[in-house]
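Shown next, in C-alpha cells, is the structure this report addresses.
The values are calculated or read from the model by the stated rules, or taken from the named source; none is laboratory data. The structure displayed is predicted, hence computed values, not measured ones. All Cβ positions, even for glycine, are placed from backbone atoms using ideal geometry, and neighbour counts span all protein chains on display. Remember, those area values only see protein heavy atoms, side chains included, never the ligands or the DNA or RNA. Shrake-Rupley method; radii C 1.70, N 1.55, O 1.52, S 1.80 Å.
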Protein chains: 2
Amino acid sequence: MIIDCHGHYTTAPASHAQFRERQLAWFANPALPAPTPAVIGDDEIRETIEMNQLALQRKRGSDLTLFSPRASAMGHHEGDETVSLSWTRACNDLIGRVVELYPDNFAGVCQLPQSPGAPLAASITELERCVRGLGFVGCNLNPDPSGGHWTAPPLTDRHWYPLYEKMVELDVPAMVHVSASCNPNFHATGAHYINADTTAFMQFVQGDLFRDFPTLRFVIPHGGGAVPYHWGRYRGLADMLKRPPLAEHVMRNVFFDTCVYHQPGIDLLVRVIDLGNILFGSEMIGAVRGVDPETGHYFDDTRRYIDALALDERDKRRIFESNARRVYPRLDARLKGRRP
Amino acid sequence: MIIDCHGHYTTAPASHAQFRERQLAWFANPALPAPTPAVIGDDEIRETIEMNQLALQRKRGSDLTLFSPRASAMGHHEGDETVSLSWTRACNDLIGRVVELYPDNFAGVCQLPQSPGAPLAASITELERCVRGLGFVGCNLNPDPSGGHWTAPPLTDRHWYPLYEKMVELDVPAMVHVSASCNPNFHATGAHYINADTTAFMQFVQGDLFRDFPTLRFVIPHGGGAVPYHWGRYRGLADMLKRPPLAEHVMRNVFFDTCVYHQPGIDLLVRVIDLGNILFGSEMIGAVRGVDPETGHYFDDTRRYIDALALDERDKRRIFESNARRVYPRLDARLKGRRP
C-alpha cells in the first residue's frame, strides 16, 4: 500500500474558516458575541474530501493519507492561548470526523494549541485527547509559534521536554511544521516552511535530544528543507562541532518526507539519505497546486518521482509504506487490526 | 583561469579581532579608552595569507579569489551605527591591503556598515570608497542586520533602493550574505546562512525589483540555499503567484555560487540551474574545514566537484571564469588591463 505521510485538510468547508474569522474578530473586540465552531454536516465533509483529496488518492494511486489541519491556518501567533485552544480543538475534531467517515483512506494527525510564550500543558492535553480519544497517530509541532519571529527556544531546549515525554508515552511522532508567517521577510511556503525544516535539523545536530529521548521521532517535511542538498555541509559541521556522525545520531530519530516537487530533487534525496529515513509524502492539495509545464503533471504528484527511481520494489515499498508504519506505530497497529 | 567568487579573510591577524573586542567593550562601557584599529604589518598579512588562502589556491588550482571580510564577524547587530562603521572600515582596509600585496590573486569585495534600523547612507559612502578608492569589485549585503531576528524590510523594499542606485551606478553586484546569529534558534553556518539565501531568493520571486533595476545583480551564496533542491517548488510558486517564469525574471539578475560541499549537491545544481547563472565559489577557509571521510578530500575543495561534472571545457569555463567576469565587470576590466 502507499501511505502519504503529509496531507492537510486545505479544502475544509468555508464555514470552518468563517468560525476562525469570527473568533479573531471576537478576540480583537470582546464586545462581539463569542463564536462557536461551525456546525458542519457529514455531507459537507464528504463533498470537500471526495472531490479533492480522495479523488486525487484514487487518480494518483495512493491508499492512505496522514491527515492534519491546514498548516498555514494553525496561526499560533494569532489570538492568545485560549483562542488557540478552541481553534485547535475545532480543527482536530474536523480531522477526526474525516477519519471516521473514511477510515480506510485517512489517519489523523493533530495540530497543537501552541501560543507564543505559553506553557505546553494545553498541547499535551490536546495530544492525549486526539491520540487516545480520536485515534490519531501523530501530531504537528510548530517550532516557531510566533509566526516568523522565532522567539521560542530551540527544539532541543528543556522547554519542550514535557511534550516529548507525552509523545514517547503515546509512541507518536511529530512532524515539525510551522504555520503562516507574519514576518514580511518570509513568504510562508517559499521561505518560512523550508527555513524551519533546515533550522530544526541543525538544532538536532547541535543538541543531545535523542540521548534523553532515544525513541522520540520527528518527520522533517518538504524533503528535509535544504538539508539533503547540503548534506556534505551537515556531515562536515557535525564533525567540526564534535557531534557523532549523522547516521549514528540525528538520523536514528529524524525522517524526511518526499515533498520535493521535481525529479532532480527526489533523485538527490534518495542518493544521499538512507532509504530507511524517507517517507512518502505529497502535501497535496497544498503549497504548489499547478501543473509543471516541463512534465505536464502536477508538481505535487510526488508518486511519479518515486516511481521513476531506479529502485527495486522492496526499496520503493520502504518509502511508500514500511518506513511510515515504523515511524507511526499506531498507524501500523490500526492497519494490522484492519487487514490482519 | 579559475575565479573563486566567495572567499573571506577568516585568517586575519589576531590583533584585528582584538580591536573588535576592545571596540565592543568600549561600546558597553564608554569610560574605557576609545580603541583604534590594529596596526598590522605587511609581513603579518603575508603570513596569514600565504600559509592559508594562497597556499590553498595553489594546491587546489584556483587563480583569483573575490575576497571580503569574514562574514560571521561583520556583526551588524552589535554596537551601533558608529561602531559598525569604524569596524567595517578597518575590515575593508585590511582587504584592500591583501589585494595590494597580491593583486593577481585577490580582488576586493567590501562589507557594508549596516546597523539595525539605521539608514543606508553610511553603506553607500563606504561602498563608493571601496570601489572608487580601493578598487573593489563588489560588496556583501546583509538582508538581516539584526542577526537572526529579521527586523529589516525585505530586499525588494524601497528602503534598499538608494544602495541599489549606487550599485547600479558603480556597476557592482552584491553577494547576499548574513553574519552571525544572535538568535539561539539559528546556528550561523548550519541554518542562518542557508535560510537567508532561500529567503532572499523568494523575496526576489515575489517582488518586482528587477523591473526597477534591470542591471542590478545579486549572487546568492551557498549554492542558492535550498532553492535548487526545491526548484520545482519555486517554479510552481512563481506560477501560482502569477510571476513570470523564473528564467525570464529573477534568473536574469540572480546568480548562485558553488559552495555546496558534496558531489550530489553540485550535480543537482548544474542539472536544474542554467549554467550562465552559476559562479564557482568555495568559501574556503570557512564554515566547513574538515576532510570528507567519504572522499578523503576537503569538503570545501569545490573545484573537484566541478571537475568531475560531465561538462565540456567551454561550459566549465563559464562556471570557473566567464560568468564571474560578466557579473563583476570591474573584475573583468582589471583582468583585461592586466593581461591584455
| remark: In whole µm²/s, the translational diffusion coefficient that Stokes-Einstein assigns to chain B, given a Kirkwood hydrodynamic radius over C-alpha pairs, 4 °C and 1.567 mPa s, equals 64
| task | Would you pull out the residues with amide H under 5 Å of residue B:257's amide H, same chain only if 5 or more places away, H placed 1.01 Å from N? | result | B:220, B:222, B:223, B:224, B:279
| request: Would you calculate, for chain A, the mean residue ellipticity at 222 nm contributed by helices, counting each DSSP H stretch of 4 or more residues as -39,500 (n - 2.57) and dividing by all residues, to the nearest 500? | output: -11500 deg cm²/dmol
| request: Between residue A:151 and residue A:100, take the C-beta separation as r, use R0 = 30 Å, and let me know the FRET efficiency to the nearest 0.05. | output: 0.20
| query | For the stretch B:114-224, what is the convex hull volume of the alpha-carbon atoms per residue, in Å³? | reply | 98
| query | Mind checking which helices in chain B clear 18 Å along their axis (Cα) and have mean Kyte-Doolittle hydropathy of 0.0 or more, DSSP H runs only? | reply | B:81-101, B:193-206
| remark: Note, residue B:244: beta-carbon cut-off 12 Å, +1 each Lys/Arg, -1 each Asp/Glu, net +2
| query | Using Cα pairs under 8 angstrom and six or more residues apart, how large is the relative contact order of chain B, in percent? | reply | 17
| Gained length - residue B:47 relative to residue B:211, 0.36 nm times residue gap less alpha-carbon distance | 54.4 nm
| query | How much of the DSSP beta bridge set in the protein assembly as shown is antiparallel, as a percent to the nearest 5? | reply | 5
| request: Whole Å is fine, so just give me how far the alpha carbon centre of the stretch A:1-77 lies from that of the stretch B:294-340. | output: 50
| remark: Sorted by chain and then number, the residues having a modelled amide H within less than 5 Å of the amide H of residue B:66, at least 5 places away or on another chain, are B:4, B:5, B:6, B:7, B:107
| How many percent of all Cα-Cα pairs in the stretch A:221-340 sit more than 22 Å apart? | 41
| remark: Against the 2.2 N^0.38 Å rule of thumb, the C-alpha Rg of the stretch B:179-279 sits at a ratio of 1.07
| Mean separation of Cα pairs under 8 Å and 6+ residues apart, divided by the residue count of the stretch A:38-196: what relative contact order is that in percent? | 22
| How high is the relative contact order of the stretch A:99-188, in percent, counting Cα pairs under 8 Å that sit 6 or more residues apart? | 29
| request: Taking 7 Å along the Cα-to-C-beta vector as the label spot, tell me the residue A:58-residue B:307 distance in nanometres, rounded to one decimal. | output: 5.8
| message | Can you give me the C-alpha center-to-center distance between the stretch B:213-233 and the stretch A:128-151, rounded to a whole angstrom? | response | 32
| note | From the cross-link list A:316/A:336; A:242/B:59; B:242/B:316, the entries with a Cα-Cα span beyond 31 Å are B:242/B:316
| said: I'd like the interface area for chains A and B: accessible area of each alone minus the complex, both sides summed, 1.4 Å probe, protein heavy atoms only. What is it in Å² to the nearest 100? | reply: 4600
| said: Averaged over its residues, how many other protein chain Cβ atoms are within 10 Å of peptide A:180-186's Cβ atoms? | reply: 5
| said: For the stretch A:226-279, which trypsin sites (Lys or Arg not before Pro) pass both filters: DSSP loop (anything but H, G, I, E, B) and at most 12 other C-beta atoms within 10 Å? | reply: A:242
| query | What residues qualify as long-range amide H neighbours of residue A:141, i.e. H under 5 Å apart, gap of 5 or more or another chain, H built at 1.01 Å from N? | reply | A:175, A:176, A:177
| Quick one: if you stick a label point 7 Å off each Cα along the C-beta vector at residue B:28 and residue B:314, how many nm between them? | 5.9
| query | Beyond 38 Å, what percent of the Cα pairs of the protein assembly as shown remain? | reply | 35
| task | Return P(r) of the stretch A:1-152 (all Cα-Cα pairs; 5 Å bins starting at 0; whole %; ordered from short to long distances). | result | 2, 10, 19, 21, 20, 14, 9, 4, 1, 0, 0
